[in-house]
Amino acid sequence: MKNKVFVFFLLSICLIFLVSCNGKRPENLKSDAGVSTEQKENKKLSDEIKPDETEKLKFRIINLYFVNPNTEELKVEKRQVFDLKEKTSMIKQVLRSLKLGPVSNLKPSVPANIEFKDVFVYGDKVYIDLHKNNENPAIGGVQGEELFLEAVVKTVLDISPEYKKVFFLVDGEQVDSVLGHLDSSNYFSRDSF
């Protein structure tokens, strides 16, 4: 009777052990027998492939225009950004940098209540869609609006020589004036200021 109980006990332990292992071998005991030749070659190729040198991220220096607090004129601040191939992505990135403001002692040129919503490029023209939040409308009057428009236009036109003109929209619509002081119903070029 003791032998039968002992054998039953051993068989139960073996059965529990087999069920808990689920018939799998530990990772360090596995062999390549179950791995196909194609899988082995793919692993070998992936070990040999090195990243393409042309795929590395590239940077470039751009000009951002901010306000000199002493003269109330625009002054260039150089900034390093990603050199993006897609035109609108590059312009959006540069406008975000302009909106973030200067890292030097210059003053921001983009009013706090202005957001850049979208950008469109058509030929040599860049269309910038703005959103104006009326909660914080301080822009510095006519001079503040002129500095804002000039800073955006010069910053965008400096990105690429193929861009010649900038047109402003507000919430997707053409407006007579972006901030209420200056006529912005036409295209702006470098000669506009």
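Taken together, the values in this text are just the output of simple stated rules run on the coordinates, not laboratory data. This is a predicted model, so every value here is computed, not measured. All Cβ positions, even for glycine, are placed from backbone atoms using ideal geometry, and neighbour counts span all protein chains on display.
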- Item | Dipole of region 92-156, positive end: most advanced residue of Pro102, Asn134, Asn113 [Cβ charges, Cα centre] | Pro102
- Note on the structure: If amide H atoms are modeled at 1.01 Å from N in the peptide plane, then the residues at a separation of 5 or more from Val170, or on another chain, having amide H under 5 Å from its own are Leu130, Val175
- Item | Note, ³J(HN,Hα) from phi for region 149-165, Karplus 6.51, -1.76, 1.60, rounded to Hz, x at Gly and Pro | 4, 5, 4, 5, 4, 5, 4, 5, 5, 6, 5, 8, x, 6, 8, 10, 9
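Based on other C-beta atoms within 10 Å, arrange Ile61, Ile159 from fewest to most.
On the way: Ile61 9, Ile159 19.
With the fewest neighbours first, Ile61, Ile159 line up as Ile61, Ile159.
Using Cα-Cα distances under 8 Å and only pairs 6 or more residues apart, what relative contact order does region 54-192 have, in percent?
Working: 249 pairs, mean separation 28.5, N = 139.
About 20 percent, as a whole number.
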- Is the shape of region 54-192 rounded, prolate or oblate, going by the alpha carbon gyration tensor and its root eigenvalues a ≥ b ≥ c, with a/c under 1.5 for rounded and a/b larger than b/c for prolate? oblate
